[in-house]
Structure formats: structure tokens, C-alpha cells
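These notes concern the structure reproduced below.
The values are calculated or read from the model by the stated rules, or taken from the named source; none is laboratory data. None of these values were measured; they are calculated from a predicted model. All Cβ positions, even for glycine, are placed from backbone atoms using ideal geometry, and neighbour counts span all protein chains on display.
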Amino acid sequence: MVSMKEVALHAGVSVATVSNVITGKRSVSENVRRKVLDSIEQMNYQVNLVARGLKTQRTNTIGVILPDITKLFFQKVIIGILEVASLNGYRINILSSSYDHDTERLLINMLKASCVDGIILDSCVSIDRARAWADSLEGKGGVMPPVVSLESRLFSDRLSSITMDNALYSGQITQHLIDGGRRKILYVSGPLHIEHERARFDGYRNCLLKNGIGPDPVLQKSGTYLSESGYNAVMEALNENVRFDAVQASNDQAAIGALKILKERGFRVPDDVAISGFDNLFPSTLVSPAITTVDVPNYEMGAAAMRELLDRIEHPDAPPKAHVLDARIIVRASTVKDATSQWDLTNW
């Protein structure tokens with residue numbers, strides 16, 4: 001079996017540097033990092049998990065709980081987690097709560113019983129119970145392994161978290177629609193009891209108010225994240241003779257569903273009705289017209305969550321950190337007719 005010392009000799013660096021690249025405890029230059037990774041790959045170096053576990057009293061296993069592992073959004077999140085975990089010699093156990101908080105609680109207890117070294121959690125807890133749930137996850141005295149919250153802060157500064165400013169970017173999408181002359185914007189939300197989903201709705205609502213447009217309950221439809229939900233929400237509005245000149249969906253799948261029903265009913269997009277989404281999933285580039293959206297850094301969310309969890313494992317007494325990632329709006333032809341876009345078939 002190849003040793004870490006042999007990898008260091010092959011890469012022309014110290015053993016400590018190889019260890020830092022693998023564990024992420026200390027930063028190294030990108031050039032050195034690449035040299036070490038190339039040597040690891042060429043020499044087929046494997047982290048000895050058994051030896052590490054005996055030395056550290058760890059299982060080298062991380063539990064990941066997501067609300068729905070079948071959703072396209074989580075594909076890159078999982079890849080980000082797996083890549084950082086693999087580099088550091090950790091196994092990943094991925095579980096799905098199916099957007100049910102009781103199931104989520106059972107999964108947390110199951111992971112505790114299996115002695116995982118840490119947990120990455122994308123919680124579906126309702127807003128009114130979020131802070132109490134975060135307090136129970138804090139894990140003082142070794143009762144809980146360290147937990148990193150994904151997508152939501154759970155209204156607490158007692159857990160490390162990886163989020164983005166959902167209200168900010170949702171409001172920017174609303175402003176983009178208003179700047180394009182849209183005044184009656186139909187909002188299609190996901191489950192509003194979830195923190196980041198409520199933030200997106202608040203961003204939309206606050207932007208309307210900032211522009212002197214009173215939020216109209218008739219122009220607010222709540223659903224799930226599925227394309228069918230977007231389709232049904234817009235169909236319901238049309239059947240109720242609700243007048244709107246834009247649809248702002250809280251995710252791309254719902255936006256694609258909205259696009260389908262509007263085209264079936266003979267509406268021209270964006271001439272008659274503009275459509276926007278959120279997440280920048282690759283199908284949003286394949287439909288016609290392509291969907292204006294927010295490019296959420298879901299790969300970096302996963303990678304950052306895993307890096308933060310490793311830091312929590314190594315330094316359990318360090319204060320929690322709240323990482324807020326940047327995003328950007330991508331304007332496509334569903335809101336601006338002459339906007340250009342390219343198919344995104346990466347990794348498909």
C-alpha cells in the first residue's frame with residue numbers, strides 16, 4: 001500500500017503538505033494542491049480509514065439529510081459534498097426526509113445511533129419550530145455530532161450554516177420584471193413554511209412595495225417545487241380569470257410548468273406574459289423560450305457544507321460560522337425577447 005510519505009516524495013512536497021491537502025486543515029497554493037492531487041491519483045493512494053478511526057475514535061462517516069434526493073437541484077449539492085468528503089477520506093450516507101419533519105427527526109436519531117462523525121442537514125422544519133429544532137441540534141456535551149445546516153440558518157446562530165440571500169435575489173428578479181414593464185406579477189411559491197422559501201416570497205413582496213405596487217393575494221399561488229405544481233397554479237389563475245403579465249416562480253421546475261400551460265392556452269412568452277424561475281437547473285435552458293433565473297451555487301453549497309463540517313469535527317469548540325454565498329441573475333428570452341442563451345447539457 002502506498003504511504004503518505006511516498007506521495008510526498010513523488011509530489012516533491014513535505015508529508016505535512018500532503019496531509020493539509022487531504023484534510024483541508026491548512027490552506028496550500030493551488031499549484032501545490034494540484035501537484036499533490038495528481039500524485040495521489042497516479043499512485044492510487046488510499047486513506048487508511050481503519051487506522052485513522054482507531055487513532056481518532058471516529059467512524060469516518062458523514063450523514064447527509066436532504067428533503068428530496070430525487071430533485072435536480074440536489075444533484076450538484078451531492079457532488080460537492082462527495083468530492084470534498086472523498087478527498088478527506090470520509091464515507092457519505094445520504095438520506096431523504098421527503099419534506100416530512102417527523103421523518104427528518106427519525107433520521108437524525110438514526111444517524112446519532114450509527115455514530116456518524118457529523119451531519120449535513122437541509123431541514124424541512126416549519127418556521128415556527130425552526131429555532132427550537134436548531135437548539136436541539138446544537139449537541140453540547142457530545143450528545144449530538146456537529147451539524148451544518150444547508151440552505152437555512154434555522155433562525156439560530158448556534159449552528160454553522162451555508163446559505164444565500166434568497167430575499168435579495170428574489171427581489172432582484174421581481175425588479176427585473178418591473179423594469180420590463182410588468183406590474184401584475186403572479187407569484188408561484190413552494191412550501192411557505194420553510195425558511196428559505198418564505199424569504200424568496202418576502203423578497204418578491206418587499207420589491208412590489210418598494211415600487212408602489214400593492215401585493216395582491218389573488219396574484220399569489222402556493223404549491224410544491226414540481227413542474228406540475230407550476231402548471232396547476234397558473235391554470236388555476238387563468239380559470240379564475242386573474243389578469244397577470246408575468247409569472248415569478250420560486251424555482252425553475254415550477255416555471256417550466258407555467259410555461260407549458262401558457263403556451264397551451266395561446267399566450268406568447270414573453271410578449272404577453274414574462275416568466276422567471278430560480279435555481280438555474282439545466283432544463284431551464286432547454287425549453288423555448290429559455291427561462292430567466294437565479295444561478296444558485298448548489299455545487300459550492302455542498303462543498304462548503306462539507307468543508308465547514310470537517311472544520312467543526314476538528315475544532316468542536318470553535319464558534320459556528322454562517323457562510324452566505326453569492327448568486328447571480330441570468331436573463332434569458334422568457335423575460336427579454338432578444339436575450340440569448342445556450343443549452344446546458346453539462347453532466348447530463
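Just give me the residues in segment 1-29 being closer than 23 Å to M306 by Cβ and either part of a helix (DSSP H, G or I) or in the same structural domain as N88 (by TED's automatic domain parsing) (or both), in sequence order. Full working, then the answer.
Within segment 1-29, the first condition is being closer than 23 Å to M306 by Cβ, and the residues that meet it are 4, 7, 16-29.
Scanning segment 1-29 gives M4, V7, A16, T17, V18, S19, N20, V21, I22, T23.
Which of the residues that make up segment 118-138 are at pLDDT 95 or above, assigned to a loop (DSSP other than H, G, I, E, B) and farther than 16 Å from I69 by Cβ?
V125, S126
Out of all the residues in segment 95-109, is one or more modelled with pLDDT of 95 or more, in contact with a Phe, Trp or Tyr (Cβ under 6 Å, 6 or more places away or on another chain), outside any helix (DSSP H, G or I) and surrounded by 15 or more Cβ atoms within 10 Å (Cβ to Cβ)?
No, segment 95-109 contains no residue that is modelled with pLDDT of 95 or more, in contact with a Phe, Trp or Tyr (Cβ under 6 Å, 6 or more places away or on another chain), outside any helix (DSSP H, G or I) and surrounded by 15 or more Cβ atoms within 10 Å (Cβ to Cβ).
Considering only residues that are part of a helix (DSSP H, G or I) and of a type in the set (D, E), look in segment 30-81 and name the one that is modelled with the highest pLDDT. Step through it out loud before you land on a result.
Filtering segment 30-81 for residues part of a helix (DSSP H, G or I) gives 30-43, 49-56, 73-81.
With of a type in the set (D, E) added as a condition, the list becomes 30, 38, 41.
Working: E30: 77, D38: 83, E41: 74.
The selected residue is D38.
Can you name the number of the only condition in (1) at pLDDT below 90; (2) in a loop (DSSP other than H, G, I, E, B) that G141 fails?
Exception for G141: condition (2).
When you look at A305, is it in contact with a Ser or Thr (Cβ under 9 Å, 6 or more places away or on another chain) and either buried (at least 22 other Cβ atoms within 10 Å of the Cβ) or not in a loop (DSSP other than H, G, I, E, B) (or both), yes or no?
Yes; evaluated as a whole, the condition is true for this residue.
Any residue in segment 224-243 that's free of Cβ contacts under 8 Å to residues at least 40 places away in the same chain: show its pairings with residues that are of a type in the set (S, T, N, Q) at Cβ separation under 7 Å, as long as the two are six or more apart or on different chains.
As it stands, the answer is L226/Q253; S227/Q253, since those pairs meet every condition given.
Looking at segment 285-307, is at least one residue touching a residue at least 40 places away in the same chain (Cβ under 8 Å), of a type in the set (K, R) and assigned by TED's automatic domain parsing to the domain that holds I79?
yes
Looking at segment 80-120, which of its residues are under 20 Å from A132 (Cα atoms) and of a type in the set (D, E, K, R)?
D100, D102, E104, R105, K112
Spot the failing condition for F155; the list is (1) over 20 Å from S189 (Cα atoms); (2) touching an Asp or Glu at 6+ places or on another chain (Cβ under 9 Å); (3) at pLDDT 95 or above, and only one is missed.
Condition (3) is where F155 drops out.
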